[in-house]
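Worksheet: one structure, shown below.
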Amino acid sequence: MTIWNLGSINSDHFYRVGHLPAPGETVLSAGMERGLGGKGANMSVAAARAGSHVSHIGAVGTDGQWAIDRLTEYGVDTRPIAVLDTLTGHAVIALDDAGENHIIVFPGANREISRDAVGLALAEATPGDILVMQNETNQQAFAAETGSKLGLKVAYAAAPFSAEAVTAVLPYLDILVLNHIEMAQLVEETGLLPGPKLGVDTVIVTKGAEGCVLYDRKNGWDAIGFDAIRVDAVDTTGAGDTFTGYFLAGIDRGMGAEDAIELAIKASALMVTRQGTADVIPDLKEVLDWS
Ligand code: ADP
């Protein structure tokens, strides 16, 4: 099957700092690197490296051909990515010695994806394929509705969190992945908890080094906790994206939610021992061989 990912593509600029700047403070950076990122690109690379066939629906600017080339190199089908007469999205990531980060994202082309481009791409989808989105592009609600009508399994990573964005796709979702901060915001702003009122079959709340919690309709949405693997974290950027990409790849290959989560926990723990985003996401063999 195919995982269709309506997702962002960014040029990530990493700046190493001794500590994250406080408001009004200027800090000097000891080093700078550029790489492929964006929650969408990260998830596409993660799912492709986990062995799935991934088609990425998105857009870059005229300065973004390198990003398309790199996604292709990582095994992602990039045909549904448009090159628009604008700037490619980019992120400025400050990273401190403890592996914590501050991130600023400029969406650029990621917010200028046309409805036609999404419709044309999804016209190639087969019922049972997976559609995943995050909140860094436009066209999420249209894609979710179209995907749902076509019989796709619709998944959403509610990041960066917006109650409005998640509410717009909620009626079409089968899978919702969000971190504990985003879950708290969802509850505060909508009053909805995993269960019949939220209406999403599978909800996963990730909690960084504390692991994650699964709420599945087939268990009456009772909370099932999973521990993370203890590692020395170097850079937690992209942990959630790697987790979601691997989880969906697991579902794509027929695993149940629990087994797919175990795979995702392993992949994301290995990921946080590395600095970088899409360029350093481990492949399935590395994840399975790692103990
Ligand atoms: P996000 O990056 O979206 O904020 P989390 O930080 O919750 O997401 O991380 C997602 C998953 O990645 C966690 O559920 C966990 O399995 C793994 N992970 C994240 N940080 C660590 C860590 N420091 N050590 C081990 N695993 C981690």
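So, in the stretch 185-205, of the ones that are within 23 Å of Gly38 (Cα to Cα) and free of Cβ contacts under 8 Å to residues at least 40 places away in the same chain, which residue ends up nearest to the ligand (Cβ to nearest atom)? Walk me through how you get there before you give the answer.
Our first condition is that a residue be within 23 Å of Gly38 (Cα to Cα); within the stretch 185-205, this holds for 185-186, 203-205.
If we keep only those that are free of Cβ contacts under 8 Å to residues at least 40 places away in the same chain as well, we get 185-186, 203, 205.
Values: Gln185: 13, Leu186: 14, Val203: 13, Val205: 8 Å.
Here the answer is Val205.
Could you list all residues from the stretch 237-263 that are free of Cβ contacts under 8 Å to residues at least 40 places away in the same chain, within 11 Å of the ligand (Cβ to nearest atom) and over 10 Å from the mean Cα position of the chain (by Cα)?
Taking the stretch 237-263 first, the residues free of Cβ contacts under 8 Å to residues at least 40 places away in the same chain are 239, 254-256, 259-260, 262.
Of the ones still in play, those that are also within 11 Å of the ligand (Cβ to nearest atom) are 239, 262.
Glu262 - this is the single residue of the stretch 237-263 that is free of Cβ contacts under 8 Å to residues at least 40 places away in the same chain, within 11 Å of the ligand (Cβ to nearest atom) and over 10 Å from the mean Cα position of the chain (by Cα).
Against the definition (surrounded by fewer than 24 Cβ atoms within 10 Å (Cβ to Cβ), more than 19 Å from Lys153 (Cα to Cα), at pLDDT 95 or above and among the hydroxyl-bearing types (Ser, Thr, Tyr)), how does Thr26 come out, yes or no? Give the derivation first.
Working: surrounded by fewer than 24 Cβ atoms within 10 Å (Cβ to Cβ): yes; more than 19 Å from Lys153 (Cα to Cα): yes; at pLDDT 95 or above: yes; among the hydroxyl-bearing types (Ser, Thr, Tyr): yes.
When the stated conditions are applied, Thr26 passes them.
Does the stretch 264-291 hold any residues that are of a type in the set (D, E, K, R), more than 13 Å from the ligand (Cβ to nearest atom) and under 22 Å from Arg34 (Cα atoms), and which are they? Even if it seems obvious, please write down each step before you answer.
The first filter runs over the stretch 264-291 and keeps only residues of a type in the set (D, E, K, R), leaving 266, 274, 279, 283, 285-286, 289.
If we keep only those that are more than 13 Å from the ligand (Cβ to nearest atom) as well, we get 279, 283, 285-286, 289.
Answer for the stretch 264-291, where residues must be of a type in the set (D, E, K, R), more than 13 Å from the ligand (Cβ to nearest atom) and under 22 Å from Arg34 (Cα atoms): Asp279, Asp283.
Give, as residue ranges, the helices (runs of 4 or more DSSP H) completely inside the stretch 220-291 that count at least 1 residues that are over 15 Å from Ala47 (Cα atoms) and of a type outside the set (A, V, I, L, M). I'd like the intermediate steps shown before the answer.
Details: elements: 239-252, 257-272, 284-289.
Result: 257-272, 284-289.
Taking only the stretch 42-54 into account, find how many residues are surrounded by 24 or more Cβ atoms within 10 Å (Cβ to Cβ) and part of a strand (DSSP E or B).
1
Would you check if Val234 is modelled with pLDDT under 95, over 17 Å from the mean Cα position of the chain (by Cα) and of a type in the set (A, V, I, L, M, F, W, C)? Quick ask: steps written out before the conclusion?
Details: modelled with pLDDT under 95: yes; over 17 Å from the mean Cα position of the chain (by Cα): yes; of a type in the set (A, V, I, L, M, F, W, C): yes.
Spelling it out, Val234 is indeed modelled with pLDDT under 95, over 17 Å from the mean Cα position of the chain (by Cα) and of a type in the set (A, V, I, L, M, F, W, C).
Filter the stretch 71-106 for residues that are crowded, with 19+ Cβ neighbours inside 10 Å and under 28 Å from Arg16 (Cα atoms) and give the result.
Leu71, Tyr74, Thr88, Gly89, His90, Ala91, Ile93, Ala94, Leu95, Val105
For Asp69, work out the one condition from (1) in contact (Cβ under 8 Å) with a residue 24 or more places away in the chain; (2) farther than 18 Å from Asn138 by Cβ; (3) part of a helix (DSSP H, G or I); (4) not aliphatic (A, V, I, L, M) it doesn't fulfil.
The one condition Asp69 does not meet is (1).
Restricting to the stretch 257-278, and then to whatever is at pLDDT 95 or above and in contact with a strand residue (DSSP E or B) (Cβ under 9 Å, 6 or more places away or on another chain), can you tell me which residue is surrounded by the fewest Cβ atoms within 10 Å (Cβ to Cβ)?
Glu258
Give me a count of the residues in the stretch 83-106 that are of a type in the set (D, E, K, R) and away from the ligand (no atom under 16 Å from the Cβ).
Let us first name the residues in the stretch 83-106 that are of a type in the set (D, E, K, R), namely 85, 96-97, 100.
Those left that are additionally away from the ligand (no atom under 16 Å from the Cβ): 85.
The number of residues fulfilling the criteria is 1.
I need every pair where a residue in the stretch 15-33 that is among the small types (Gly, Ala, Ser) has its Cβ under 7 Å from the Cβ of a residue that is surrounded by 10 or more Cβ atoms within 10 Å (Cβ to Cβ) and not in a loop (DSSP other than H, G, I, E, B), sequence separation at least 6 or different chains.
Short answer, once both residue conditions are applied: Ser29/Tyr15; Ser29/Arg16; Ala30/Arg16; Gly31/Arg16.
The values are calculated or read from the model by the stated rules, or taken from the named source; none is laboratory data. Quantities reported herein were computed from a predicted structural model and do not represent experimental measurements. FYI the Cβ positions are ideal-geometry reconstructions off the backbone, even for glycines, and counts take in every protein chain you see.
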